[in-house]
Structure formats: structure tokens, C-alpha cells
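The values are calculated or read from the model by the stated rules, or taken from the named source; none is laboratory data. No experiment lies behind these values; they were computed from the predicted model shown. With ideal geometry, Cβ positions are generated from the backbone for all residues, glycine too; neighbour counts draw on all protein chains shown. Remember, those area values only see protein heavy atoms, side chains included, never the ligands or the DNA or RNA. Shrake-Rupley method; radii C 1.70, N 1.55, O 1.52, S 1.80 Å.
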Amino acid sequence: MADTVLSVADARLVLDGGAGPVEILRGITLNINRSESVGLVGPSGSGKSSLLMLMGGLERASDGRVTALGEDLGALSEDALARFRRGAMGIVFQSFHLVPTMTARENVALPLEIAGAPDAWERAGAELETVGLGHRAGHYPAEMSGGEQQRTALARALVTRPAILLADEPTGNLDQANGAAVMDLMFRLRTEYGTTLILVTHAPELAARCDRVVRIEDGRIAADEDRA
């Protein structure tokens, strides 16, 4: 389909374990369309975070194909993958992954500076204003609450206006109020920017906000429900 931005075709993932190879994903086929929001759900250890990592090129499929925006991720070198992610994808993790020695503004500006954007500093400041943290631009991660750190991480992921936003348990380390605020912000910005959103979550109320909910069990797709 012309509006498919991410395609996983019979993808398998086998990793080395202490007792030998472990099959994590067992033939996943999934197509995700432009501007769609998709929730990946399932029990712990089912493979949903591993599937997200395949989609982001952070893990390579042992077999099958993963294509994003027409690029076969398996055919790209590590450097080419990094460049592709930098321009096309934003990633938000449960544990924030902010650089502790950088201020909020420096963290948000980082992907723009790596890409050589001459207005990185200005755009980083504007993005922090968008997530309600303009007043915290000069603060370091240790000086911010968990909710503020996650909003900073979200600003960093979206400042390049990626076509695809991947989020792995983005509210997992937040209390209920902060988690709800971060998710309200994520869905609002996703609508404003037209970004395709794919998120892993254990929270049913969060999954229910997505256009589709894909359930992963034992490394396979057990259900794919269109809620749009």
C-alpha cells in the first residue's frame, strides 16, 4: 500500500542465550500506515519490545525483512542505519536515556547538532516550550522530576519532526498523574505533526487510545484489532 510507512515481513529474531539460541520473534508480519497509532501489548517476555527494536533498526532480524519509509533496514550498514534513524525516527524509552551532563536544552538540541542544523539551539528551546518546559531549559536531568525528564526525552525525539515515533513503555517509570500528562502530550503532538506512533505498553487505558492494538504472545501476533 502506498501509505505504508513501516513493514515487517515474516521477521524472526534469534538471540544467543546462556543455554543456546533463544527464538524471541517467530515470523512476525505487520504493516503500519502513515499517521497511524499502534499499541503493542502482551505479557512480559512476549517479544513486543524486541519487535519495536527491530522496527527501529536497533536489532537486526535473523530472518525476514523490516522496511521503513522504503528502506530495507537489514541492508543498511550500522552508520547508514544511524543516519536513517536520525532523520526519520524518534525513540522514547522508559528510562529516559538523557545525557546527565547536558542541560535539557542541550539534550534536545543534540540530534539537530549531530545532523548539522544551524538553528539547533533555537529549535531546541522552542520544542521545550511546546512540552511546557521552557522554564527548565537550563536544568540538568538530576534536577528534574521523572515527568519532566520524560517530557524532555519526548521533545528530543520529536524536535527533528520524524515520520515515525517509537515509544517503549514511555510511562513505565512515572506515577499515574505524570504518566497521563506525558501520554496526553504524546498523542497531541503526534496529531499536530502527523507522526506515525508505535508504542509498547502494559497499560490497557493507553493501548485503548491507539488506532490499532496488536497483541504479541510467545513471539507471534495473537491479535490485531483496528480501533479507528
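Tabulated results
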read-out	value
Members of region 67-94 found to be closer than 20 Å to LEU30 by Cα and in a loop (DSSP other than H, G, I, E, B), listed by number	LEU69, GLY70
Search result, residues across region 9-23 that are touching a Gly at 6+ places or on another chain (Cβ under 7 Å) and within 19 Å of SER49 (Cβ to Cβ)	ALA11, ARG12, GLU23
Yes/no for ARG83 being charged (D, E, K, R), under 23 Å from ASP168 (Cβ atoms) and without any contact (Cβ under 8 Å) to a residue 12 or more places away in the chain	yes
Any hit, region 150-164, residues being open to solvent by 10 Å² or more (accessible area, probe 1.4 Å), of a type in the set (S, T, N, Q) and in a helix (DSSP H, G or I)	no
Selection status of PRO100, in contact (Cβ under 8 Å) with a residue 12 or more places away in the chain, exposed (fewer than 14 other Cβ atoms within 10 Å of the Cβ) and either more than 24 Å from GLN176 (Cα to Cα) or under 19 Å from the mean Cα position of the chain (by Cα) (or both)	yes
Any hit, region 135-142, residues being touching a strand residue (DSSP E or B) at 6+ places or on another chain (Cβ under 6 Å) and either at pLDDT 90 or above or buried (at least 16 other Cβ atoms within 10 Å of the Cβ) (or both)	no
Residue list for region 180-226, restricted to those being in contact with a Pro (Cβ under 9 Å, 6 or more places away or on another chain), closer than 19 Å to ASP3 by Cβ and open to solvent by 10 Å² or more (accessible area, probe 1.4 Å)	TYR193
Every residue from region 4-20 that is modelled with pLDDT under 90 and either acidic (Asp, Glu) or open to solvent by 70 Å² or more (accessible area, probe 1.4 Å) (or both)	ASP16, GLY18, ALA19
Pair list, Cβ < 6 Å and 6+ apart or interchain, from region 11-39 residues that are at positive phi and assigned to a strand (DSSP E or B) to residues that are among the charged types (D, E, K, R) and exposed (fewer than 15 other Cβ atoms within 10 Å of the Cβ)	GLY27/ASP10
Breaking point among (1) farther than 25 Å from ALA207 by Cβ; (2) at pLDDT below 95; (3) in contact with a Leu (Cβ under 9 Å, 6 or more places away or on another chain); (4) among the basic types (Lys, Arg), for ARG151	(1)
Residue list for region 181-228, restricted to those being under 17 Å from the mean Cα position of the chain (by Cα) and assigned to a loop (DSSP other than H, G, I, E, B)	GLY194, THR195, THR201, HIS202, ALA203, ARG209, CYS210, ASP211
Selection from region 102-125 of residues that are among the aliphatic types (A, V, I, L, M) and farther than 22 Å from ALA142 by Cα	LEU112, ILE114, ALA115, ALA117, ALA120
Tabulated pairs, region 125-147, first touching a residue at least 40 places away in the same chain (Cβ under 8 Å), second among the hydroxyl-bearing types (Ser, Thr, Tyr) and open to solvent by 20 Å² or more (accessible area, probe 1.4 Å), C-beta under 8 angstrom, 6+ apart or interchain	TYR140/THR101
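So that you can scan it fast, the table gives a plain yes or no per residue for (1) among the acidic types (Asp, Glu); (2) part of a loop (DSSP other than H, G, I, E, B); (3) at pLDDT 95 or above:
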site	(1), (2), (3)
PHE96	no, yes, no
VAL99	no, yes, yes
MET102	no, yes, yes
ASN107	no, no, yes
ALA117	no, yes, no
TRP121	no, no, yes
